[in-house]
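Take a look at the structure below.
A short reminder: the numbers here are calculations on the coordinates, not readings from a lab. Model, not experiment: these values are computed from the prediction. Glycine gets a Cβ as well: all are built from the backbone with ideal geometry, and neighbour counts include every protein chain shown.
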Amino acid sequence: LESVAPYPRAAYASARPRQLKMTEEAGKDYKVLGVSSQFRRRGYNYVEIFPVRKGSSPEAKEYEPLNVKGYCEEFTMWVWGANFDYEIVIYVRDFHGIIYPLRAIKLNYAGWRLLRFPIPKHIPQLVKEMPQERPIEIVKIGITTTPFARVDMFYIYFDELKVVTNTYKAQFDGFELLEKEKIEEIWGATGR
């Protein structure tokens, strides 16, 4: 369903979860991403948040998925909820180009909460051949209303999206021939 103009909106706010304030560096200005929206009627309304290219403005819509290094085990993110009956989902893409929604988490709580999005084992991230690693990427974050939830106005804030990965690489005779720089040196930029 469609949102009411001029929504959805995004802004950066000077705020942080209390648990993160204990680790702040003096003099550093910390910001969180805020999103607000409202819809015309109840139902399965949604807002999608796409990563944009660094240095690009959101208006330019230069979307660029977030590449994840290593074998990804889970994403964690601090999310401020306002006790709305909404759900949040992170969407990832595997090396085949298939997009998967991760476990939906309810946002019906008040204040900051650390949410965990485990990566299911059925999302391929490794192959038998070298190089074995086939990283996933974050495509978008989706927020969906439930049919009986209020839709007149909501605010949500995000802080510290983190990735838990296993970057261990087995060492074997000749492993350096898998390094991207070495492949480009031998075979050129395309690696072919």
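Give me the lysines in straight-line cross-link reach of LYS31: C-alpha distance below 23 Å, same-chain residues under 8 apart excluded.
Answer for LYS31, where 23 Å is the Cα cut-off: LYS21, LYS54, LYS61, LYS140, LYS162, listed by chain and number.
So what's Rg/Rh here for the range 66-192, counting alpha carbon atoms and using the Kirkwood radius for Rh?
1.11
Which FRET efficiency value, to the nearest 0.05, is calculated for HIS96 and ILE183 with the Förster distance at 25 angstrom and r the Cβ-Cβ distance?
Taking R0 as 25 Å, the efficiency between HIS96 and ILE183 is 0.70.
Of the peptides 116-124, 142-150, how do they stack up when ordered by the mean number of other Cβ atoms within 10 Å, highest first?
Top of the packing list down: 142-150, 116-124.
With each pseudo-label sitting 7 Å past Cα toward Cβ, what's the LYS61-SER36 distance in nm, one decimal?
Placing both labels 7 Å along Cα→Cβ, they lie 2.4 nm apart.
If R0 is 30 Å, what FRET efficiency do you get for ALA82 and GLU133 from their C-beta distance, rounded to 0.05?
0.15
Looking at the P(r) of the range 32-136, how many percent of alpha-carbon pairs lie beyond 24 Å?
Above the 24 Å cut-off, the range 32-136 has 37 percent of its Cα pairs.
Tell me the mean residue ellipticity at 222 nm calculated for the chain from its helices only (DSSP H runs of n ≥ 4, each -39500 (n - 2.57), averaged over every residue, nearest 500).
Value at 222 nm, helices only, nearest 500: -1500 deg cm²/dmol.
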